[in-house]
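Structure, as structure tokens:
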Amino acid sequence: MGEQLTQRVVGRLPPSPVTVAAFVVNNLARFDRHEVFRIDRITTAAQPGRMMLRLPSNDAIANWLRDRNAAFKRELVDVDSLALTKVQRGILNAARGRPFIAGTGDTLSIDQVVATILQPVPAVRQEELATAVLHDMAARQAMMKLTAKLKAGVRIEYATNRAASR
């Protein structure tokens, strides 16, 4: 459903060849220093304790969770640097190989970068990747605009006393 909404909001048309070519030319360094981050990801419903967040590695966190009989899933995930926002890239760089919380909600995601693989993008793939990045950027922008528009139309009222809130 999320993909269908994105297609409705963004459209199915790819960016124009001129836009793609301009993106490649303006981002040559991004393609030359293209990196893939190998991430050790632990996903759990357990609430993070202070002790857990101070542990130095996902190995230690996995052991901590096992000791408490907390269910978790562990996997290696490759994340393409071209798909990251500046904020996300900053978080990866700031972590410097230490575990960090990457997602919250019902499921907690704890990531640790275990390898950074330098993979310059071959010229034949640059346009393909640029098209995908531009589409993702357009989708992110469109969703932010839609969210802002929906928030603008919402009015929240709070009860001023207990009797009114019942």
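The values are calculated or read from the model by the stated rules, or taken from the named source; none is laboratory data. All of these numbers come straight from a predicted model, not from anything done at the bench. Neighbour counts run over all protein chains shown; Cβ positions are idealised from the backbone, glycine included. Accessible surface is based on the protein model in full, side chains and every heavy atom, while ligands, DNA and RNA are left aside. Shrake-Rupley method; radii C 1.70, N 1.55, O 1.52, S 1.80 Å.
Scanning the stretch 33-52 for residues that are in a strand (DSSP E or B) and among the charged types (D, E, K, R), we see that the one that is most open to solvent (accessible area, probe 1.4 Å) is Arg38.
Note on the stretch 16-47: residues that are farther than 21 Å from Gln88 by Cα and either among the aromatic types (Phe, Trp, Tyr) or modelled with pLDDT under 85 (or both) total 2. Here the stretch 3-15 is the region considered, the condition is being open to solvent by less than 50 Å² (accessible area, probe 1.4 Å) and at pLDDT below 80, and the residue that is nearest to the chain's Cα centre (by Cα) is Thr6. Return the only residue of Leu76, Leu108, Leu55 being at pLDDT 85 or above, of a type outside the set (Asp, Glu) and surrounded by fewer than 11 Cβ atoms within 10 Å (Cβ to Cβ). From the options Leu76, Leu108, Leu55, the qualifying one is Leu76.
Under the condition of being among the charged types (D, E, K, R), under 20 Å from the mean Cα position of the chain (by Cα) and either farther than 16 Å from Leu134 by Cβ or open to solvent by less than 30 Å² (accessible area, probe 1.4 Å) (or both), the residues counted in the stretch 22-32 number 0.
Does Glu157 fit the bill of being open to solvent by 70 Å² or more (accessible area, probe 1.4 Å), farther than 29 Å from Val24 by Cβ and either at pLDDT 85 or above or among the acidic types (Asp, Glu) (or both)?
Answer is yes for this residue.
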